[in-house]
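Only one structure is covered here, and it is reproduced in the block below.
No value in this document is a laboratory result; all are computed from the given coordinates. Quick caveat, the model's predicted, so the values are computed rather than measured. Every residue, glycine among them, receives a Cβ derived from its backbone with ideal geometry; neighbour counts consider all protein chains shown.
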Ligand code: URA
Ligand code: SF4
């Protein structure tokens, strides 16, 4: 079979978030649509000033069709609250819109990290969401989301919580350029075995920094 060419050719002419979501529901831009239940597109108010970008939907998200409704989403909701960010001010999405998993003992579905090819294939949706939303602040949650926008040379451990810039010449139509920052993924906080409370506090701290980039709220 020919290699799927990515999401680009599924983009609709009308770029409202609703039109994008409707078009993405039929995306076959990579092979991930085959085993997942549905496309999990971004969700939030079309005027939301803060865009949060995760990796890909998890098991719950795949079933419910909405981003961040499982355990990672619950931690994220608590952290937003502790950072003083009203969830209604956020638009939440993922770098990859279909759940990638393997089956353990033929039953339980275990999250699998999307490949670079899949991230690149799905990137047109993320770019389109961003260009339509024109957020004031973009928070990249985890290395997959960060590298989707900033390239594979970006090191989260070296630059978490810092203002970062899109690579020159990436052609994104963003005006003005939002405050862009990357932090860990909420799942990484959940998985932290050393000092989960500390990991959580650092995560909240990064979200507070992101909030300070809001200009009109
Ligand atoms: N993890 C993510 O990256 N995104 C979700 O929507 C849920 C869990
Ligand atoms: Fe399309 Fe992205 Fe789903 Fe691949 S993961 S089929 S590119 S929506």
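Some points to look at:
- You can think of it this way: the chain between residue 214 and residue 191 has 5.3 nm of extra reach, that is 0.36 nm per residue less the Cα-Cα gap.
- Computed across the range 55-100, the Kirkwood hydrodynamic radius from all distinct Cα-Cα pairs reaches 11.0 Å.
- In the frame of its principal axes, the range 94-187 has Cα extents of 49, 27, 21 Å, reported largest first.
- The chain, relative contact order in percent, only Cα pairs under 8 angstrom and at least six apart counted: 22 percent
- Here the residues 41, 101, ranked from fewest to most Cβ neighbours within 10 Å of their Cβ, fall in the order 101, 41.
- Which of 191, 160 has the fewest Cβ neighbours within 10 Å, and the rest in rising order: 191, 160
- Alpha-carbon Debye profile of the chain, log10 I(q)/I(0) at 0.15, 0.16, 0.18 Å⁻¹: -0.95, -1.09, -1.40
- Shape of the range 11-82, Cα gyration tensor, a/c cut at 1.5: oblate
- Going from the fewest other Cβ atoms within 10 Å to the most, the residues 53, 69 appear in the order 69, 53.
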